[in-house]
Structures are given as structure tokens and as C-alpha cells.
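The values are calculated or read from the model by the stated rules, or taken from the named source; none is laboratory data. If you're wondering where the values come from, they're calculated on a predicted model, not measured in any experiment. Positions of Cβ are backbone-derived with ideal geometry, glycine not excepted, and every protein chain shown enters the neighbour counts. Just so you know, the surface numbers come from the protein's heavy atoms only, side chains and all, with ligands and any DNA or RNA stripped out. Shrake-Rupley method; radii C 1.70, N 1.55, O 1.52, S 1.80 Å.
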Amino acid sequence: MKRTIYNEDHEAFRASCKAFLDKHAVPHVEEHLADKGIPRSFWLEAGKQGFLGLEIPEEFGGTGAEDYRFNAVWTEELSKVNAALSSCVGIHADIVAPYLADLCTNEQKKRWLPGFCKGEVITAIGMTEPGGGSDLAALKTTAVRDGDGWVINGSKTFITNGYSADLVVTAVRTSPEKGSRGITLFGIEATDEGFSRGRKLDKVGQTESDTAELFFENVRVGDDRIIGEIDKGFIHMMERLPQERLGAAVSNVAHAKQILEETIQYAKDRQAFGQPIGNFQHNKFLLAELVTKIEVSEAYVDHAVDAHFNKALTAIDAAKAKWWSAEVQNDVLDHCVQLYGGYGFMNEYRVARAWRDARVTKIWAGSNEIMKELIGRDLGF
Ligand SMILES: Cc1cc2nc3c(=O)[nH]c(=O)nc-3n(C[C@H](O)[C@H](O)[C@H](O)COP(=O)(O)OP(=O)(O)OC[C@H]3O[C@@H](n4cnc5c(N)ncnc54)[C@H](O)[C@@H]3O)c2cc1C
């Protein structure tokens, strides 16, 4: 089905994203895999070409596109390379960006945003803690007032870009007695004394993304590190989680769609019993179902992207897009592995990696159960 939300400017931008990734990412995916991370050189090159500052105003070095559809195009093209690249770049350019662009003071913007856009300041967001991620309001990392500053203690885990980040937007408890109304966001810099990180975590998939545990041991910062308002961190996060979930949905569908296209080609090329395996009615019908599932999901996600561009996306619709697309992605990729036969289980095949990479999408950005909890609550239960 013809997609209608993207105009020729978006498609021209898509072509430049693809050209950039074909040159600076695709030839290096094995290195990313071996290094368990994306090298700084990639970030700097992406920054130089303006791919990191889509949400950042021009005066601070960004392109100030003010059109989420460009973010979505960039996310799709990254996801076609692999899910980890989309996740690392997405955390920075699509998820952290609105916190900095919307909530920072002018001084903070001058300090962080030019480097953010150039790829010199890689960012991460630290919400999840070893004790729990779904129940965000129960987080335990604390910031205690000390003179005119704060002393931060605690830890975060599963933080994407955690190993390489220069700046971590960190959710911290400032008022113990106030529950979700006692959380504040701080910008913690990697050079802050008392900040440290663990090893790159060994994951089932998305090996190319660096995911780490972060530790805060008596990290002293001033008020100038508070992002947004004191004790309003939970609200700041709730306001921005729909964009995170929408970005996840865009990535989920684009990632599965790409691998499905490659699988259709494989089903034409691979022979069994003297004919292409796609010719067997079972496989032909299966591929017909998978293509339909992807296109129907893409239509919903496109609609959500358009709604977000028009500032009309609800948290509930973002939750629907997130859980549904994650289920479809995992279902489609599991069938793709099956169609590749034994090769589908070999790590050197893109389909195998994609299948492993996809598993986490049902868990992160708010697990699929939490998405259904939100949707169910909205139904009045
Ligand atoms: C590769 C990776 C990258 C990540 N990147 C980041 C990042 O950059 N920043 C960040 O802050 N976090 C990140 N996360 C963390 C991620 O968001 C959390 O793992 C997720 O929110 C779930 O939290 P948890 O792991 O603590 O699971 P828990 O909260 O312990 O949940 C365990 C299980 O219980 C279920 N559950 C919990 N509450 C309910 C409920 N009310 N009803 C029904 N079921 C429920 C969950 O759905 C899940 O199945 C990342 C995780 C991974 C794996």
C-alpha cells in the first residue's frame, strides 16, 4: 500500500540517510559487533552531516527540523542496517534530544547542545535501576541537598550508550516521601567525580549497542545540572515517553520489513524439490500473511507518526503502536528464520541476528505488559 505521510522532502532526506549509512555504517557492522559498540568516528561523521540535531534548534547547532517525520525516516533507515544502530542513535537523537531541547536552561543548552549535535557529547538516559524498571516511580537513586549543591548516590542498569556516554540524563529521587512527585532529572557528566560504569553488558542480541550499568558514588553537582524542575522528573518523563515508544514502533516495523524483503528474495532463490521454496503453498501463504501484517502495522504507525507531527499523539496510542509492532516484528522474524532453514540459525546471516535483536523490543521502552496496563486503564479498568 502506498504510504502517504512522507513528501518529497522526506524522501530526499531518506536518500541522504541511506547514502550516509551505506558509506559509514554498513561496511563496519562486523567491527561494531566485535567492539560491542559504535565507534566515536561514526558519531562525529553523523554529527558533521547533520543527522544528530534534528530536534535541536539551529542556534545550538541543530537543524531544527520541527517535523517528527524526519526523525522517523532516519530511524527507519538506521533500523534497516540493524536494530542496535537504530537503538544507539535513537536514544541520543530521538529520545534524549527532547529532554535537552525542551527542558534545559539557556546555559545548559550552550554547554551541551553544540557537542550533542556534532557527536562530541554522546548521551544516554538512565531510568532503570537494578531493583526495577517498570515501576519507575519506585526508583532509589538519591540526590540529597548539601549546601548549595546535591550529592547523588545509587546505580542504573541496562543503559544504552551507557559505556560511551558523555552525558547521562539521570532520574533521581530528591524527595523520598513524595513517590512519583519526588523525582528530578539531572545531567550527569562522565567526568563527574564519583561517576563510574561497569563493563559492556553481554546481551542475547543487539551486541553492537553498548549497554552498561552506571554507578553514582557521592557525585556532587550544582543546581546547574538539574534538567527541568525539581520533583517534576516523573512528569517530564511521562510527557516524553510517547515519543520514545513511537520511535520504538517505527524501528520495529522498519526492521522487520527489511528482513522480510530479504527473506522473500531468499524464498525465490532457495530451491527444494526442484523449485523455489516460496512456491510451496504453505510458504506462499505465509509470506502473504507476513507482508499483510507488516503493511497493516506500518499504516497504524504511520498514522501515529503523523499524529505526533500534528501534536495529537496520545500516550495510549503510542503504547498501542509500541506493543503491537514489537509482537509483529518478533512474529515476522521468527517465521523468516524458519524460511531460511538451517542458515536462519547461523549468526553470520542477517536474519538470525535480526531475530535475536528483536527480542528485547517486547521488554524495553516500557514492557509490552506495561503498555497493555496503560491501555487497559484507559478502558476504565
Ligand atoms: C538492551 C536493553 C537496553 C535498555 N536501555 C535502557 C536505557 O537506555 N535506559 C533505561 O532507563 N532503561 C533501559 N532499559 C531497561 C528497560 O526499559 C527495562 O528492562 C524495562 O523497563 C523492564 O524493567 P525490568 O527489566 O526492571 O523488569 P521488571 O520491571 O522487573 O519486570 C519484570 C517482568 O514483570 C512484568 N511486570 C512488571 N510490572 C507489571 C505489571 N504491573 N503488570 C504486568 N506485568 C508487569 C514486566 O512486564 C516484565 O515482564 C534497557 C533494557 C535492555 C534489555
Residue satisfying all of: in the stretch 109-145; farther than 21 Å from S180 by Cα and within 11 Å of the ligand (Cβ to nearest atom); surrounded by the most Cβ atoms within 10 Å (Cβ to Cβ) among these:
A124
Please state which of the following conditions A321 fails to meet, knowing it meets all the rest: (1) hydrophobic (A, V, I, L, M, F, W, C); (2) farther than 15 Å from Y266 by Cα; (3) open to solvent by 40 Å² or more (accessible area, probe 1.4 Å); (4) more than 16 Å from the ligand (Cβ to nearest atom).
(3)
The stretch 51-67, residues that are open to solvent by less than 40 Å² (accessible area, probe 1.4 Å), without any contact (Cβ under 8 Å) to a residue 60 or more places away in the chain and assigned to a loop (DSSP other than H, G, I, E, B)
F51, L54, G62, G64, A65
Exactly one condition in (1) part of a helix (DSSP H, G or I); (2) of a type outside the set (D, E, K, R); (3) farther than 21 Å from E244 by Cα is not met by N347; state its number.
(1)
Six or more apart or on different chains, Cβ atoms under 7 Å: show the pairs whose first residue is in the stretch 231-255 and at positive phi and whose second is part of a helix (DSSP H, G or I).
D231/K178; D231/R181; D231/G182
Go through (1) more than 30 Å from G344 (Cα to Cα); (2) surrounded by fewer than 20 Cβ atoms within 10 Å (Cβ to Cβ); (3) among the acidic types (D, E) one by one and return the number of the condition E244 breaks.
(2)
When you scan the stretch 146-162, do you find a residue that is within 15 Å of the ligand (Cβ to nearest atom), surrounded by fewer than 17 Cβ atoms within 10 Å (Cβ to Cβ) and without any contact (Cβ under 8 Å) to a residue 40 or more places away in the chain, even just one?
no
Could you tell me how many of the residues in the stretch 4-14 are open to solvent by less than 60 Å² (accessible area, probe 1.4 Å) and not β-branched (V, I, T)?
4
D102, sole failed condition from (1) surrounded by fewer than 24 Cβ atoms within 10 Å (Cβ to Cβ); (2) under 11 Å from the mean Cα position of the chain (by Cα); (3) acidic (D, E):
(2)
What is the residue count in the stretch 194-222 for residues that are farther than 18 Å from I125 by Cβ, outside any loop (DSSP other than H, G, I, E, B) and open to solvent by 70 Å² or more (accessible area, probe 1.4 Å)?
4
